[in-house]
Structure formats: structure tokens, C-alpha cells
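Chemist: Please find one structure pasted underneath; my questions will follow.
Nothing in this text is a laboratory measurement; each read-out follows from the coordinates by a stated rule. Predicted model only: the values in this text are computed from it and were never measured. Cβ placement follows ideal geometry from the backbone for every residue including glycine, while neighbour counts extend to all protein chains displayed.
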Amino acid sequence: RIPNGRRNRRFWINPDFQKHKQKITDNIEIDIEDISDGKKLSICRCFKSAKWPLCDGTHKVHNKETGDNVGAANIRLRQR
Ligand code: FES
């Protein structure tokens, strides 16, 4: 059971993106041979990127308009 407060839109991190789905998940495949050492992969956490699931910087506009502080999850890829 979801607490009543969780049903209120003002608590949602994602107010708009793919709300027809019960849960949003994305699988990202990376061909290791194509990745140079130290390359950064930025995953969107604001649900506003036009390049979903990758961050396109739109979170900056969202933060400026709302006072929020969301940003991407950055993954630095390294070869061993
Ligand atoms: Fe969503 Fe950057 S655009 S975190």
C-alpha cells in the first residue's frame, strides 16, 4: 500500500514523463570496444531530457524555474 502522501503529485520526482507506465526502466547497452577510457555517461534523473535516458542539460532549466537541485548520474567509464 502506498502512503497517501505518495499519491500527491507535488511529491513526484517525475510529474510528466511516461506516466502511462507503472514503472519506468531503461536498459542501456554499451559496446566496450567503442568506449575510450575516461568517457563520461550522464544518465538523466530529472525526467525532462529530450535524449532520455541520457542527460541533455535540460535539468538546468528545470532547476532555474523551480528552485529544484536535480542533476544527472554521471558514470565514468574506465578500461582495466
Ligand atoms: Fe535530466 Fe540532465 S536533463 S538530469
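Chemist: What's the local net charge at CYS55, with K and R +1, D and E -1, over the other residues with C-beta under 12 Å away?
Modeler: Details: positive: LYS40, ARG45, LYS48, LYS51, LYS60; negative: ASP56.
Net charge around CYS55: +4.
Chemist: Another question, then. Can you sort GLU29, GLU65 by how many other beta carbons sit within 10 Å, fewest first?
Modeler: On the way: GLU29 4, GLU65 8.
Ascending Cβ contact count within 10 Å gives the list GLU29, GLU65.
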